[in-house]
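The values are calculated or read from the model by the stated rules, or taken from the named source; none is laboratory data. All figures in this text were calculated on a predicted structure; none of them were measured in a lab. We place every Cβ from the backbone using ideal geometry, glycine too, and count neighbours over all the protein chains shown. For accessibility, only protein heavy atoms count, side chains too; no ligands or nucleic acids. Shrake-Rupley method; radii C 1.70, N 1.55, O 1.52, S 1.80 Å.
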Amino acid sequence: MGKRLFFIILWLTFILSAAGHYLSWNMTLQFALSAVAIVFVAGFLGRSTEAVSHYASQRLGGFLNATFGNAAELIIAIFLVREGLFDMVKASLTGAIIGNLLLVLGLSVLVGGIKYKVQTFNANLAGMNGSLMILAVIALFVPAAFFTTHSLSETGTVVLSLVVAGILIAAYLLWILFSMVTHKEMLTEESERSEEQAEEEPQWSKGKSVLYLVISTVMVAFVSEWLVGTLDTFTAQFGLSELFVGAFVIAIVGNAAEHSAAVMMAMKNKIGAAVEIAIGSSLQIALFVAPVLVFVSTLFGQTMDIVFTTLEMIAIGVAVFIAKSISQDGRTNWYEGLLLLAVYVILGVSFYLV
């Protein structure tokens with residue numbers, strides 16, 4: 001899609017979504033307009049982040065893509081928390097984690113593998129990512145296990161949720177220190193060390209890239225609020241469960257930025273950056289976004305616990321297992337991408353039928 005056409009559709013969908021919200025159009029129409037708008041707004045966010053990342057290393061660029069790509073999910077989740085829709089928040093977090101590990105990574109590996117027979121990235125980074133994903137599963141599993149066995153009271157569950165959330169945030173911040181400062185060289189791609197590597201020119205200047213990044217983030221915030229306001233009516237009208245809407249509809253819409261950025265990186269044979277976006281984004285959701293939402297909910301007057309349902313835990317565990325299995329050797333091919341997508345479809349159908 002040409003840049004000019006993309007921006008025309010971006011502003012057209014944004015304006016129509018705004019009109020639908022403020023003029024109180026039909027709720028289903030509002031949902032459709034907001035869903036389409038957020039895909040293009042998230043795409044704008046992805047392009048802006050990619051432009052900023054041209055002025056940084058591949059790893060830092062991937063980190064920025066993951067961080068700002070998650071802005072849509074975080075902002076949507078904050079509005080859901082404010083409305084007290086905790087079950088949908090947890091479902092959307094689940095969807096974001098499995099969506100990045102299976103859909104975003106799967107598409108990237110598949111598309112990149114079709115163009116390049118084998119793609120490689122830093123095996124040390126793959127190993128550390130795998131360990132962090134296991135930590136995320138443990139941190140989500142323990143509170144659920146103690147709660148479902150009635151070993152914890154409601155108050156105890158809230159206290160444990162706050163403690164676990166604090167530990168996860170600390171672990172994530174220390175991971176940034178480890179990967180970006182103290183052990184940066186160990187986790188750097190060989191291609192980044194090569195001074196002879198030809199980098200394509202960024203589409204915008206550094207100042208314009210940062211400006212567009214701010215504008216796109218603000219646009220995501222507005223469209224996210226409009227989208228959340230239509231969810232109750234949409235789910236009731238089509239008889240969909242909160243679990244499916246949160247885990248797949250919201251997650252797919254919110255992941256648009258990661259989809260576009262990661263696939264584009266893989267097509268340029270920068271699979272390391274694509275993996276950093278996909279797996280890094282999942283880790284950021286599990287280790288930072290989810291814990292932050294626990295504290296945000298406390299500020300709104302009612303603490304959201306970190307207890308996920310059995311189905312959500314199974315989905316996250318399965319996604320982490322196959323993503324770790326495929327990425328741990330630091331090599332990918334198109335068939336491994338197909339395997340990830342197959343697991344995503346299986347989970348999608350299962351959630352839809354719940």
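Miscellaneous remarks
- Of all residues in segment 285-312, none that is free of Cβ contacts under 8 Å to residues at least 40 places away in the same chain has its Cβ atom under 7 Å from the Cβ atom of a residue that is acidic (Asp, Glu), 6 or more apart or on another chain.
- Condition met for residue 171 (hydrophobic (A, V, I, L, M, F, W, C) and within 15 Å of residue 276 (Cα to Cα)): no
- Per-region count, segment 73-83, residues more than 10 Å from residue 296 (Cβ to Cβ) and surrounded by fewer than 24 Cβ atoms within 10 Å (Cβ to Cβ): 3
- With respect to the conditions (1) under 29 Å from residue 235 (Cα atoms); (2) part of a helix (DSSP H, G or I); (3) modelled with pLDDT of 80 or more, residue 45 falls short on a single one, namely (3).
- Among the residues listed as 3, 90, 115, the single one being more than 30 Å from residue 352 (Cα to Cα), at pLDDT 85 or above and charged (D, E, K, R): 115
- Considering segment 1-12, the residues that are assigned to a helix (DSSP H, G or I) and open to solvent by 70 Å² or more (accessible area, probe 1.4 Å) include one that is nearest to residue 222 (Cα to Cα), namely 11.
- Beta carbons closer than 7 Å, at least 6 apart along the sequence or on distinct chains, pair a first residue in segment 147-176 that is more than 16 Å from residue 137 (Cα to Cα) with a second that is open to solvent by 50 Å² or more (accessible area, probe 1.4 Å) and assigned to a helix (DSSP H, G or I) for 152/146; 157/147.
- The requirement of being in contact with a helix residue (DSSP H, G or I) (Cβ under 6 Å, 6 or more places away or on another chain), among the aliphatic types (A, V, I, L, M) and at pLDDT 80 or above is satisfied by residue 219.
- Segment 297-322, residues that are more than 18 Å from the chain's Cα centre (by Cα) and charged (D, E, K, R): 305
- Residue, surrounded by the most Cβ atoms within 10 Å (Cβ to Cβ), within segment 84-110, restricted to residues that are β-branched (Val, Ile, Thr) and either more than 14 Å from the chain's Cα centre (by Cα) or farther than 27 Å from residue 335 by Cα (or both): 109
- Residues of segment 133-155 satisfying the condition of being open to solvent by 20 Å² or more (accessible area, probe 1.4 Å) and outside any loop (DSSP other than H, G, I, E, B): 134, 135, 137, 138, 141, 142, 145, 146, 147, 148, 154, 155
- Residue in segment 69-78 that is touching a helix residue (DSSP H, G or I) at 6+ places or on another chain (Cβ under 8 Å) and modelled with pLDDT of 85 or more present: yes
- Residues located in segment 13-35, provided they are surrounded by fewer than 18 Cβ atoms within 10 Å (Cβ to Cβ) and within 9 Å of residue 223 (Cβ to Cβ): 18
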